[in-house]
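So the structure is just underneath, and the comments pick up after that.
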Amino acid sequence: MVFAPACALACCVFTALALSITPSSRSAPPAAQATTTATSAATVASAATAASAATSGSPWNAQDSLAAVRIVDALVHRPESVDSLTAGSLSRDHGLGFGRHLREVWINPAGTLGFSLKIVYEGTRPVSFEARPVMNYGGLRARYQAILAPAFKTSAKDAKNLYAEPYRWNMAAVAAPLPEDSLNLGGDSLPAPALREALAFYMTPYSGTLYGIRGGEAGQMLENRDHFLGLAEILMADKHLARYLLRSANPATRLTAAEFIIRHRENFPEYDSLQRTAFRAVFANPSKAATMRMGRETSEDARKLVLEYSRQDARRDGRGVLRMY
């Protein structure tokens, strides 16, 4: 799909969010849930020691090591208690619909080593998260690598800097389809295991929850749209897989699936029924689609936006992908 250009702000998510970020007010879990095991305590001590040999003039200090190591250790050994890490941090919530919401959190984002988290909740209970390190100083690759090793797979980005793959917990909880009755879809059989695996990441909120993009100067495609086009061959071979995508935990994926069905409605004899049932549920949960306009996040009426985009061409145009990390 060809969209109007938007400002490239992937290099610093805080520019786009500065007016809407608020401190997290969630309380930490009970102390019993946050008890450190002997194994994790040893991990903290070992990693902190490995990261403590500072070079002369480095901005790093022992407190940085201890704080970062404890965060990594908690992500690995106490993922259900991820809330205990976020008190007082910058955060912002997004409704996902159907009783779930996504919380974006930035822990020490301007420090020597920070972390960005996407936490998915069912009600008030965290059920999954994605964590990424925020590495602000070139030349500290060895330190970052020692601290991140228990959770993050890392590789050299260049001569000095490090790249770390995201660490994700409990992907099954957010890749699983919503119940059929939540969208009034009855009688659908699940796709073959290989197809479910191919679609799994796209169905999670970690594939990007922004749906629309307008305005700006350096036009880019949204991350969710890029993932969708990467699955185009699979979907064109079996268009009815879009019904399965309607049951995604990610609202942007649900809207894109609805858009696909509208664009190819001649392949869906049940199209009128889908309009009265599944589409109505999708367009109401939530009723506003998260969009990017002139470099800032905003929202638009979900139904109207899907109908508009269904009339446009869906393709890559070579202007790159806007990623929010």
When (1) crowded, with 17+ Cβ neighbours inside 10 Å; (2) at pLDDT 95 or above; (3) in the same structural domain as Tyr163 (by TED's automatic domain parsing) are applied to Ser91, the one that fails is (3)
Condition test on Glu197, is it touching a strand residue (DSSP E or B) at 6+ places or on another chain (Cβ under 9 Å) and surrounded by fewer than 22 Cβ atoms within 10 Å (Cβ to Cβ)?
no
Does segment 256-272 contain any residue that is closer than 27 Å to Arg103 by Cα, within 18 Å of the chain's Cα centre (by Cα) and touching a residue at least 40 places away in the same chain (Cβ under 8 Å)?
yes
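Yes or no, residue by residue, for (1) under 27 Å from Asp188 (Cα atoms); (2) of a type in the set (S, T, N, Q):
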| site | (1), (2) |
| --- | --- |
| Glu233 | yes, no |
| Thr253 | yes, yes |
| Glu270 | yes, no |
| Val282 | yes, no |
| Val321 | no, no |
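Condition (residue is touching an Asp or Glu at 6+ places or on another chain (Cβ under 6 Å), over 13 Å from Val134 (Cα atoms) and of a type outside the set (D, E, K, R)) applied to segment 80-95: is it met by at least one residue?
no
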Collect the residues in segment 192-237 that are acidic (Asp, Glu) and in contact (Cβ under 8 Å) with a residue 40 or more places away in the chain, keeping them in residue-number order.
Glu217, Glu223, Asp226
Those residues of segment 67-114 which are basic (Lys, Arg) and assigned to a loop (DSSP other than H, G, I, E, B) amount to Arg78
Quick count over segment 181-204, residues being in a loop (DSSP other than H, G, I, E, B) and more than 18 Å from the chain's Cα centre (by Cα), is 10
By residue number, the members of segment 238-251 that are under 16 Å from Gly186 (Cβ atoms) and in contact (Cβ under 8 Å) with a residue 60 or more places away in the chain are Tyr244, Leu246, Arg247
Residue pairs within 6 Å by beta carbon, gap of at least six or interchain, first lying in segment 290-313 and assigned by TED's automatic domain parsing to the domain that holds Arg265 and buried (at least 17 other Cβ atoms within 10 Å of the Cβ), second among the acidic types (Asp, Glu) and not in a helix (DSSP H, G or I), listed first then second, are Thr291/Glu300
Search result, residues across segment 117-137 that are free of Cβ contacts under 8 Å to residues at least 60 places away in the same chain, under 18 Å from Phe152 (Cα atoms) and not polar (S, T, N, Q)
Leu117, Ile119, Phe129, Ala131, Pro133, Val134, Met135
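The values are calculated or read from the model by the stated rules, or taken from the named source; none is laboratory data. Just so it is clear, the model here is predicted, and its values are computed rather than measured. All Cβ positions, even for glycine, are placed from backbone atoms using ideal geometry, and neighbour counts span all protein chains on display.
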